[in-house]
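Single-structure report; data block below.
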Amino acid sequence: MKRILFLCLIALPVLAFGQKKLTLDDVISGGKSFYNFYPRRMNVDFRPGTSELIIVKHDTVFTQQAWRAEEKELFNLTDLNTLIEAKGEKALQRLPWLNWMDKGQLWFRAGTHFVVLDVTNKKIASVTQMADGGEVPDFCLSNKKVAYAKGNDLYIGGDKQVMVAASEGDGIVYGRTVHRNEFGIAKGTYWSPKGNFLAFYRKDESMVTDYPLVNIEKRSAEVENIKYPMAGMASHEVTVGIYNMKTKKVAYLKTGEPKARFFTNLSWTPDEKYLLVAELNREQNHMKLNKYDIATGELVKTLFEEKDDHWVEPQYPALFIPGKGDRFIWQTPKDGFNNLYVYDLDGNLKKQLTREKRDVTRIIGFDAKARNLFIECASEDALERHAYRVSLASGKMTQITRESGSHAVKISSDGKLALDRWSALDVPSKTQLLAVGSTKSKELQVVANPYEGYDAGQIKLVTIKSADNTTDLNGRIVLPPNFDPAKKYPVIVYVYGGPHAQLVQNRWLGGARGWQLYMAQQGYIAFTMDNRGTPYRGKDFEQAIHRHLGNPEVDDQMKGIEYLKSLPYVDTDRIGVHGWSYGGFMTISLMLKQSDVFKVGVAGGPVIDWKYYEIMYGERYMDMPDENPEGYKSANLKQYVKNLKGRLLVIHGGIDPVVVWQHSLSFVRECVKEGVQLDYFVYPRHEHNVLGPNRVHLMQKVTRYFEDFL
């Protein structure tokens with residue numbers, strides 16, 4: 001018999017056994033009472049250049065000395081509105097999000113205005129305006145200008161609105177994200193450190209096939225085309241422009257051929273003379289970090305290259321070490337786990353800074369003298385997150401966080417204090433002040449259990465051997481309230497199973513969604529497991545899915561089913577599965593490939609045939625269709641339609657621009673051709689996710705389906 005390792009990390013009930021019942025409005029975002037059950041964490045940060053805390057309560061900002069209890073009011077919304085209205089600006093209804101620049105200044109956005117507040121002297125230092133209709137603003141602290149896109153054009157706002165680049169026609173887009181937000185790309189403009197230059201993306205998608213979405217709200221429905229580059233087809237072409245604030249001219253980097261490349265992770269050198277660009281080939285297995293001369297646009301040199309038999313996926317730009325203009329930190333999993341390396345501007349590797357057999361998950365920042373770097377790492381089993389201080393001289397790592405759980409940390413400017421906000425399976429949220437390098441601490445907030453008094457279940461974390469018997473997989477099981485091991489319970493498996501998403505963690509509720517607690521309350525066991533292909537377990541774990549999506553993932557999920565079947569209180573004739581997007585792909589894969597196991601499934605926004613999916617994500621994991629015909633055939637769920645035995649509900653957004661509607665429609669068509677019955681529901685005018693108050697409607701439908709048939 002194959003071994004199943006079952007480790008109960010925390011087996012105690014984490015939710016009180018009360019009499020009150022949860023509703024879907026309580027547990028679904030968009031529900032009327034959802035935020036009553038969301039841990040209310042305090043808004044606290046360090047004041048730059050000091051050891052003071054900045055605490056925001058309601059509409060008032062307070063300061064507090066690190067180890068003292070007294071709070072001193074700094075300013076409030078009324079004070080702020082007095083200053084704003086004196087400048088002719090409209091009063092704010094609530095305190096905006098505050099971005100501290102230094103001890104005495106902060107900035108915030110108010111509609112189309114970007115306001116710098118001189119806190120020390122209690123006056124407005126500057127107001128920068130963006131034109132009405134402006135989008136994706138990028139405010140520069142150095143020159144107090146804001147770059148923004150309007151339509152397909154790029155502007156800079158300040159005393160007046162300056163057009164940087166105007167679209168030459170359909171398909172030419174400036175200043176917005178490119179490559180469908182893959183490779184860590186989250187914006188389309190990049191200010192230089194001193195604000196003298198603006199780097200920006202120019203995207204030419206004129207060669208990309210138009211994909212039709214339909215607007216049914218018009219008297220006669222109208223086509224709304226988007227550009228959607230499907231696997232194996234033409235991709236958009238990207239160039240990088242540089243706008244000179246002094247000359248008011250634009251020049252482009254001479255990136256050359258082939259044009260079918262990905263230009264990612266732009267970073268300026270501190271002296272503003274060079275721009276570093278991580279360039280990836282169409283095959284996504286060869287990356288070059290290239291250094292360009294801003295004055296000429298010419299390639300100076302390739303600093304280094306990375307190759308991989310599966311894929312290379314740069315996610316983070318070069319991070320320059322303060323005071324060391326030619327030294328930067330590069331993140332890469334090339335040695336098996338995401339680690340940090342120090343290079344110089346000639347491309348010489350100066351040192352490997354971290355050598356962990358676990359992933360570095362975040363860089364927090366440097367201390368004031370740049371002697372130490374602060375980072376966040378996953379635990380070796382990926383269930384926890386902890387913060388560390390790393391000496392830039394020796395590489396010595398010192399753990400800062402203490403309790404078992406998942407920590408998100410902020411560091412004071414001098415590196416001596418840490419604000420630690422963390423949670424664990426049975427800890428909703430705690431915020432503590434820690435002295436780095438000692439045991440001194442101060443508790444700032446303990447959030448009460450928002451489910452106190454409610455009739456909810458108990459949660460356990462378990463580990464299960466992967467199908468290839470090489471790795472422990474992390475799982476989470478939610479048992480019904482008043483659980484009776486002598487009874488038999490139906491199970492709903494909630495699955496995602498794809499890259500860049502971890503569902504099981506030692507944080508509040510183990511990462512469980514409120515809906516799973518609700519279903520446990522209705523008498524179901526809720527189960528989730530992270531299979532191979534999910535993140536934070538190292539490169540080999542994530543790359544196990546390359547070229548054959550839907551096979552290792554299903555094999556691993558079936559090990560989870562094997563574990564469930566080993567439990568005497570699981571009704572093995574009543575197992576259901578639900579997931580969205582990649583989880584929709586996994587749901588249908590399990591329903592069709594393991595049709596004797598799963599009685600009911602609900603798949604939302606599912607990928608059906610990977611040749612219909614976009615280039616940047618799809619080709620990374622599957623290569624091009626003509627390069628991997630067997631892999632695409634194996635992952636095409638239409639060929640398994642005849643296997644369907646249970647009840648399957650498929651749900652799709654009517655204008656989904658991510659997993660286009662063609663996926664599920666082609667699946668329905670195949671079911672009709674084969675005489676196979678399924679259930680189908682569309683959310684008109686919704687995109688990839690059903691959000692807002694309509695999400696309650698969605699989860700009512702999902703819940704009812706399991707109630708009716710499971």
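No lab work stands behind these numbers, since they all come straight from the coordinates. In this text, all values refer to a predicted model and were calculated from it rather than measured experimentally. Cβ sites come from the backbone with ideal geometry, for glycine too, and all protein chains shown count toward neighbours.
Quick look at the numbers
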read-out	value
Some residue of segment 270-284 being among the β-branched types (Val, Ile, Thr), surrounded by fewer than 16 Cβ atoms within 10 Å (Cβ to Cβ) and either in a strand (DSSP E or B) or over 29 Å from the mean Cα position of the chain (by Cα) (or both)	no
Residue in segment 477-490 that is in a loop (DSSP other than H, G, I, E, B) and of a type in the set (Val, Ile, Thr) present	no
Tally of residues being more than 22 Å from Lys90 (Cβ to Cβ) and touching a Lys or Arg at 6+ places or on another chain (Cβ under 8 Å) across segment 153-178	10
Residue list for segment 183-218, restricted to those being without any contact (Cβ under 8 Å) to a residue 60 or more places away in the chain, in a loop (DSSP other than H, G, I, E, B), more than 17 Å from Gly157 (Cβ to Cβ) and over 26 Å from the mean Cα position of the chain (by Cα)	Ser206, Met207, Val208, Thr209, Lys218
Failed criterion for Tyr621 (all others in (1) in a helix (DSSP H, G or I); (2) in contact (Cβ under 8 Å) with a residue 12 or more places away in the chain; (3) surrounded by fewer than 22 Cβ atoms within 10 Å (Cβ to Cβ); (4) not small (Gly, Ala, Ser) hold)	(3)
Among (1) among the charged types (D, E, K, R); (2) out of contact with any helix residue (DSSP H, G or I) (no Cβ under 6 Å at 6 or more places or on another chain); (3) not in a loop (DSSP other than H, G, I, E, B), the one test that Arg180 misses	(2)
Tally of residues being surrounded by fewer than 23 Cβ atoms within 10 Å (Cβ to Cβ), hydrophobic (A, V, I, L, M, F, W, C) and under 30 Å from the mean Cα position of the chain (by Cα) across segment 479-503	3
All positions within segment 245-269 that are surrounded by 16 or more Cβ atoms within 10 Å (Cβ to Cβ) and free of Cβ contacts under 8 Å to residues at least 40 places away in the same chain	Arg261
Any pair with Cβ under 6 angstrom, 6 or more apart, that starts in segment 689-705 at a residue that is buried (at least 20 other Cβ atoms within 10 Å of the Cβ) and ends at one that is part of a helix (DSSP H, G or I)	Val690/Leu698; Val696/Leu24; Met699/Leu24; Met699/Trp515
Selection from segment 359-380 of residues that are crowded, with 19+ Cβ neighbours inside 10 Å and under 20 Å from Gly510 (Cα atoms)	Asp359, Glu376, Cys377, Ala378
Filter result for Asn506 (under 23 Å from Phe34 (Cβ atoms) and in a loop (DSSP other than H, G, I, E, B))	no
Residue count, segment 405-417 (criterion: polar (S, T, N, Q) and surrounded by fewer than 17 Cβ atoms within 10 Å (Cβ to Cβ))	0
Answer from Arg385, Arg389 - the residue that is under 21 Å from the mean Cα position of the chain (by Cα) and buried (at least 17 other Cβ atoms within 10 Å of the Cβ)	Arg385
